[in-house]
Amino acid sequence: MDDVIPLSETQRTVDALIAVGADIKLTIYPDVGHNISTQTYNNPELYTWFLSHQRA
């Protein structure tokens with residue numbers, strides 16, 4: 001897990017955003033640590049999620 005930002009802090013932020021109606025998705029990559037950019041940008045679900053939204 002991330003040794004820079006604890007998962008509990010990320011989860012707290014996500015929970016707060018959900019509480020105010022945000023459409024947010026949290027993806028956790030176990031055993032990766034803080035540098036998740038490669039896994040994130042190689043995940044096609046990210047782009048599907050992006051394209052399912054539009055600016056209000």
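No value in this document is a laboratory result; all are computed from the given coordinates. Source: prediction; values computed, not measured. Using ideal geometry, Cβ is built from the backbone for each residue, glycine included, and neighbour counts are taken over all protein chains shown.
The amide H of D2, built 1.01 Å from its N in the peptide plane, has L7, G33 as neighbours under 5 Å, considering only residues 5 or more places off or on other chains. Only one of (i) 36, 27, 13; (ii) 27, 24, 19; (iii) 27, 18, 15 was calculated from the structure for Cα extents along the principal axes in Å, and its label is (i). Counted by Cβ distance under 14 Å from E9, the other residues give a net charge of -2, where Lys and Arg count +1 and Asp and Glu count -1. Under 8 Å for C-alpha pairs, at least 6 residues apart: give me the relative contact order for the chain, rounded to a whole percent. Rounded, it is 39 percent for the chain. Dipole check for the chain: with +1 at the C-beta of Lys and Arg, -1 at the C-beta of Asp and Glu, and the Cα centre as origin, the magnitude is about 260 Debye.
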